Structures are given as C-alpha cells and as structure tokens.
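These notes concern the structure reproduced below.
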Amino acid sequence: MTHPIPRKTFQTSEAASQAVAQEIATLIRGKPKPVLGLATGGTPLKLYAELIRLHREEGLSFAHVTTFNLDEYCGLDREHPQSYWNFMWRHLFDHIDIDPANVHLPSGTVAEQEINNHCAAYEAAIMNAGGIDYQVLGIGRTGHIGFNEPGSAIDSKTRHVLLDPITREDAAKDFGGIEQVPTGAITMGCGTILSARRIALLAFGAAKAAVVDAATTGPVTDQLPASFLQQHPATTFFVDQELADAS
Ligand code: GLP
C-alpha cells in the first residue's frame, strides 16, 4: 500500500539524531540478537556520535549486535581513507564493544567474476541473521538510498551498480576531484532495504528539502528510489527545522 511517509521534525540535527539513537538503544536493550542496517555519508555522523556516548556513558552494549552496511565503493580496499569500511570503523565500530565478526560491509575489491556470488552471500547473511530490524538511511541528491540510483527496481537485491554523475560530483570533494571517485559500487537493493522491519531516514538542511518532499509525498517512481519507502509500513523521516522551513 502507498501512503505519505511520516516526518518527525526536530529543532536541530542533534535532536533528530538523538531520537533515532534512542529507538536503536531500545531495540538493542530489548532483543537478544538485534540486527542493524547502517549508512554512511555526513548525515549519520551525529547519530553515531550519540550511539558512542550511550555506550560510554550509559552502558549500552553492542556485544550482541550484528550490522550490515548498505554499500561500498568498488575498487577501494578496506584501508582506503574513503572506503565505507574505513568510515564505519573510524566513526563508530572502533569506539563501541561490537564483535568484529558481526560487522558486515560489501567488499569493494572482490574479483569481477565473483561479484554475483558475493552479493548473493550478502543477502544470505542478512537472512541468516534474521533480517534487518532497524535500517538507517540517508538520501542522495538523486533520491538514491544506499547507492540505488534512479532506474533501480523496487525489488532489487544486493548488486553491482554504476554511480550517477550527480552522486560522483557530490563525492568529488571527499576524493579530491571527480576523476578519483569510483564509477561503481556494491549496494543492498531497494528490495533488501524494504525488507527491514523499521526504517529511519535522516535528512538535514535546506538542500535536502526538495528531494525529501518528492520522496515522501510525490509519486512512487523508480526515478526517485527513496519514494519506494512510501510502500514500507514502518518508515519515518527524521528531519531538522532547517529542512522543514525550506520544504
Ligand atoms: C552516499 C551514500 C548514501 C548517503 C548519501 C548522502 O551516496 N551511499 O548512503 O545517503 O551519500 O550523503 P550525505 O549524508 O553526506 O548527504
């Protein structure tokens, strides 16, 4: 069923991030083997900072938590400063008590002929863990979720994709030039994401207002993959006042 996606607006991105962190903490405290789906980008940084604070100051343990990240750039090994593996360890995993064996990201360096098997194994690992309880998302300028660019099918699974030129342009500053930005990635599919039991999409700032408006209340279309979330029964967009004022 299609329905407008509920939005929760907070005065600041910190407050929005704290609200999502509280939902995650409640899940982690209430379930023996919780499974988180995690995102990269600038947007979830305050959420990860708050999860680290909850671990350090309020005893929130991640020892029994399993994580699956949405995506990884192709061609970057784990140690590359812009790899999502590196990002996640730097901004979250190095600072909490998660068991490294429970951390999953797609590999950016798997051999071309092994990519399909690798993606199928990623899907199987999610299933074997019991499915994703709580998926954190950001949103790209193209309306992508993970790296599901316009044209992605609603039932797509983990796979190799090519990045939209707009997405590469947005990443250029992190890589020191667009020519350094990888052309491809491995991403969970839209179908993988929609299988999560609860989804929280975070979006902050005036620049995200138009794409958030289109995703939450516009037509459901593969030209804006985040609009597929209108067909998910438990998705909430967490936005800040700055975004709300511009929408
Ligand atoms: C990348 C990531 C997405 C993220 C997007 C937005 O493309 N693959 O998961 O949502 O960037 O990034 P930011 O949060 O920095 O705006």
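Residues whose amide H falls under 5 Å from that of residue 38, counting only those 5 or more places apart or on a different chain, are 68, 69, 70, 136, with hydrogens built in the peptide plane.
Between residue 162 and residue 221, full extension at 0.36 nm per residue minus the direct alpha carbon distance yields a gain of 19.3 nm. Here the spin labels are modelled as points 7 Å beyond Cα on the Cα-Cβ line, and at residue 1 and residue 114 they lie 4.5 nm apart. With all projection directions averaged, the alpha carbon convex hull of segment 7-246 covers 12.0 nm².
Between residue 246 and residue 53, the FRET efficiency estimated from the beta carbon spacing at R0 = 35 angstrom works out to 0.75. When a 1.4 Å probe is rolled over the protein heavy atoms, the share of accessible surface on the chain that falls to carbon and sulfur comes to 53 percent. Estimated from the Cβ-Cβ distance and a Förster radius of 25 angstrom, the FRET efficiency linking residue 97 and residue 15 is about 0.45. Under the definition of Cα pairs under 8 Å and six or more residues apart, what whole-number percent is the relative contact order of the chain? Computed over the chain, the figure is 27 percent. Sequentially through segment 71-86, phi angles give Karplus couplings (6.51, -1.76, 1.60; θ = phi - 60°) of 7, 7, 5, 7, x, 9, 7, 4, 7, 4, x, 9, 5, 6, 4, 4 Hz, Gly and Pro residues having no value and appearing as x.
For residue 155, project a label point 7 Å along Cα to C-beta. Then give me every residue of segment 206-230 with its amide nitrogen under 20 Å of that point. Inside the label zone: 220-230. For the chain, the solvent-accessible area with a 1.4 angstrom probe is 43 square angstrom per residue.
Between residue 10 and 239, 240, 241, the built amide H atoms are under 5 Å apart, and every one of these is 5 or more places off in sequence or on another chain. Amide hydrogen proximity for residue 5: with H placed 1.01 Å from N in the peptide plane, no residue at 5 or more positions away or on another chain lies under 5 Å.
If you count the DSSP beta bridges with both ends in segment 7-246, what percent of them are antiparallel, to the nearest 5? Around 30 percent antiparallel, to the nearest 5. The alpha carbon centroids of segment 181-247 and segment 77-119 are separated by 23 Å. Taking a Cβ cut-off of under 14 Å around residue 164, the surrounding Lys, Arg, Asp and Glu residues balance to a net charge of -3, with basic ones at +1 and acidic ones at -1. Couplings 3J(HN,Hα) for segment 102-119, derived from phi with the Karplus relation 6.51 cos²θ - 1.76 cosθ + 1.60 (θ = phi - 60°), are 9, 9, 10, 9, x, 8, x, 10, 5, 4, 3, 6, 9, 4, 4, 5, 4, 5 Hz, where x marks Gly and Pro. What whole number of Å gives the distance from the Cα centroid of segment 123-178 to the Cα centroid of segment 52-76? Comparing the Cα centres of segment 52-76 and segment 123-178, I get a distance of 18 Å. What the phi angles of segment 45-60 give under the Karplus curve with 6.51, -1.76 and 1.60, with θ = phi - 60°, is a coupling list of 4, 6, 4, 5, 4, 6, 5, 5, 4, 4, 5, 6, 9, 10, x, 6 Hz, glycine and proline written as x.
Taking Lys and Arg as +1 and Asp and Glu as -1, the other residues whose beta-carbon sits under 12 Å from that of residue 239 total -1.
The values are calculated or read from the model by the stated rules, or taken from the named source; none is laboratory data. Remember, it's a predicted structure, so these values are computed and weren't measured experimentally. Cβ atoms come from the backbone with ideal geometry, glycine included; neighbour counts cover every protein chain shown. Calculation scope for accessible area: heavy atoms of the full protein, side chains included, ligands and nucleic acids excluded. Shrake-Rupley method; radii C 1.70, N 1.55, O 1.52, S 1.80 Å.
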